[in-house]
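The values are calculated or read from the model by the stated rules, or taken from the named source; none is laboratory data. It should be emphasised that the depicted structure is a prediction, and the values quoted were computed from it without experimental measurement. Glycine gets a Cβ as well: all are built from the backbone with ideal geometry, and neighbour counts include every protein chain shown.
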Amino acid sequence: MSNRLALLLCFLLAACTNAAPPAQTSAQPAGWKAILIAGDDAEPAFDNAVDAMDQKLLGYGLRPEDIVVLKSSAADTHSASRDNIISAFDAFAPGATGGCFVFITSHGANDRGLIIKAAHSFLTPADLNGFLNVGCAEHPTVVIASGCFSGIFANGTTMPAANRTILTAARSDRTSFGCNASRQYTVFDECVLDGIGRGIPWRAVMDKTRACVARNEAEQNFQPPSEPQIFIGRNVTQQVAFPY
């Protein structure tokens with residue numbers, strides 16, 4: 001009887017030893033550093049969106065020095081050039097308990113990413129993943145990628161990570177809408193700006209944004225629906241938007 005009990009204990013200990021460790025849940029960031037990029041200046045909507053996001057973040061307690069705003073319409077250090085974008089991500093220093101917030105709005109191209117006009121190139125998921133790995137590493141990170149076909153940032157294996165929350169304006173095979181001179185913002189940008197609220201879980205932010213986008217697209221007969229996408233990493237499932 002004692003031999004059988006010993007064997008059972010050995011089996012149980014082996015099973016515990018081989019079991020995968022539970023997913024680590026990241027703490028809610030105590031502060032945020034942000035990069036906001038308007039990748040194109042073909043319409044004022046992109047500049048308008050980053051300006052509005054800038055004001056929203058300031059209202060949530062971020063300091064001006066913790067927010068970098070880059071635009072294709074701007075010059076010198078404020079231009080959304082490749083060098084300035086690289087420098088901004090290299091300088092990301094959220095601190096031991098901080099998080100990273102990235103908002104990029106532009107035109108997009110199928111399987112290529114978002115247009116960065118001043119850099120004469122596209123920002124791809126591989127580019128953004130590399131930038132984030134430098135300054136943000138394992139820090140809780142929120143990325144909002146707004147543009148046609150932007151779902152490639154939330155899908156696949158390049159950008160998704162355990163510490164990241166990713167919201168995109170469309171599926172990877174769908175366009176988004178509202179890029180014209182008659183609108184203040186694109187449809188998605190207007191909806192996500194309205195959807196973000198202090199202390200709201202990011203999934204709830206996206207639920208509100210999706211409902212707003214669907215309503216606007218139906219009213220204006222935009223087809224096919226853009227179907228905004230979301231990815232939430234296993235370590236950040238409980239995080240909310242800007243609780244302080």
Q | Total residues in the stretch 82-91, condition in contact with a Leu (Cβ under 8 Å, 6 or more places away or on another chain) and either surrounded by fewer than 22 Cβ atoms within 10 Å (Cβ to Cβ) or not β-branched (V, I, T) (or both) | A | 3
Q) Consider R234 against the criteria (1) in contact with a helix residue (DSSP H, G or I) (Cβ under 8 Å, 6 or more places away or on another chain); (2) surrounded by fewer than 15 Cβ atoms within 10 Å (Cβ to Cβ); (3) charged (D, E, K, R): it satisfies all of them except one. Which criterion is unmet? A) (1)
Q.
What's the number of the only condition in (1) in contact with a strand residue (DSSP E or B) (Cβ under 8 Å, 6 or more places away or on another chain); (2) closer than 19 Å to A241 by Cα; (3) surrounded by fewer than 23 Cβ atoms within 10 Å (Cβ to Cβ); (4) at pLDDT below 95 that E138 fails to meet?
A. (1)
(Q) Let me confirm something: among R215, R198, R183, which residue is basic (K, R) and modelled with pLDDT of 95 or more? (A) R215
Q: Return the residue satisfying two criteria in turn: it lies in the stretch 157-201 and is surrounded by fewer than 21 Cβ atoms within 10 Å (Cβ to Cβ) and free of Cβ contacts under 8 Å to residues at least 24 places away in the same chain, and of such residues it is nearest to D47 (Cα to Cα).
A: S182
Q: Working only within the stretch 117-137, note down all residues that are without any contact (Cβ under 8 Å) to a residue 40 or more places away in the chain and not hydroxyl-bearing (S, T, Y).
A: A119, H120, F122, P125, A126, D127, L128, N129, G130, N133, A137
Q.
Can you tell me which residue is surrounded by the fewest Cβ atoms within 10 Å (Cβ to Cβ) among those in the stretch 33-79 that are part of a strand (DSSP E or B) and basic (K, R)?
A. K71
**Q.** Qualifying residue in the stretch 136-159 (condition: assigned to a helix (DSSP H, G or I), in contact with a helix residue (DSSP H, G or I) (Cβ under 7 Å, 6 or more places away or on another chain), within 22 Å of K208 (Cα to Cα) and not acidic (D, E))
**A.** yes
(Q) Quick check on the stretch 96-127: of everything there that is part of a strand (DSSP E or B) and hydroxyl-bearing (S, T, Y), which residue is surrounded by the most Cβ atoms within 10 Å (Cβ to Cβ)? (A) T105
